[in-house]
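Take a look at the structure below.
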Amino acid sequence: MMHCTMDDLLALQAGEASGWARSHAEACATCRGELDALYQRIAQLKALPTRRPARDRWPAVREAVVAERRRRRERWGVWSVAAAAAVAGLLVFRPFGTRQADAAELARVKQESATLEQQLGRVDPDARVMSGRAAALAAALEDRIAVIDGELARLGPLEAPPGPEELVKLWQQRVDLMQQLVGVHVTRAAYVGL
């Protein structure tokens, strides 16, 4: 004897079954039992509680991102103040320690560094999205700049005076890193604008 298939039973449940399936389900106890079990499963599924998505996590995620950006800016600000203090210390305590040509080169590199810092100050990191790779590169460059700033602060008036070539070299490294950092931010801004 041939029994109803699951498709036949589902069609019976939906009221769309063929005449053969209807008459067979009425006559066959096995198919009628399967049809009753199908109705029970459907009723059990309908009785399950409605699953609701978790509460909106966006405010918490946004708050964490904003807090991290704020910490980075504060750290950047502290290192900028330290670099400015180092520059002021160098200018006040050792204005005559370098030769005229070295002093001119040092002044030029310091001015270039100040210009790049102004450019970075005009970049608003919150206004645009930054890829993970660009963010990692920017963080690495900021860390390297911080190391150079620390070295410049260490070479203050308490240490043995470094040669002017060493100062120019450190400031030039700082300028090179800042140019790369500006490039990361400007390139990111150009691509985001497309």
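The values are calculated or read from the model by the stated rules, or taken from the named source; none is laboratory data. Model, not experiment: these values are computed from the prediction. Methodologically, a virtual Cβ is constructed for each residue, glycine included, from the backbone with ideal geometry; neighbour enumeration extends over all protein chains shown.
Yes/no matrix, rows are residues, columns are (1) over 60 Å from the mean Cα position of the chain (by Cα); (2) modelled with pLDDT of 85 or more:
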position	(1), (2)
Met1	yes, no
Ala11	no, yes
Ala17	no, no
Glu26	yes, yes
Thr30	yes, yes
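With respect to the conditions (1) hydrophobic (A, V, I, L, M, F, W, C); (2) modelled with pLDDT under 75; (3) surrounded by fewer than 17 Cβ atoms within 10 Å (Cβ to Cβ), Ala136 falls short on a single one, namely (2). Listed conditions (1) surrounded by fewer than 10 Cβ atoms within 10 Å (Cβ to Cβ); (2) over 20 Å from His3 (Cα atoms); (3) among the aliphatic types (A, V, I, L, M) are all met by Ala29, apart from (2).
Pairs are defined by a Cβ separation below 7 Å, a sequence spacing of at least 6 or placement on different chains, a first member in segment 120-131 that is over 17 Å from Gln180 (Cα atoms), and a second member that is at pLDDT below 65; the pairs so defined are Arg128/Arg188; Arg128/Ala189; Arg128/Val192; Val129/Val192.
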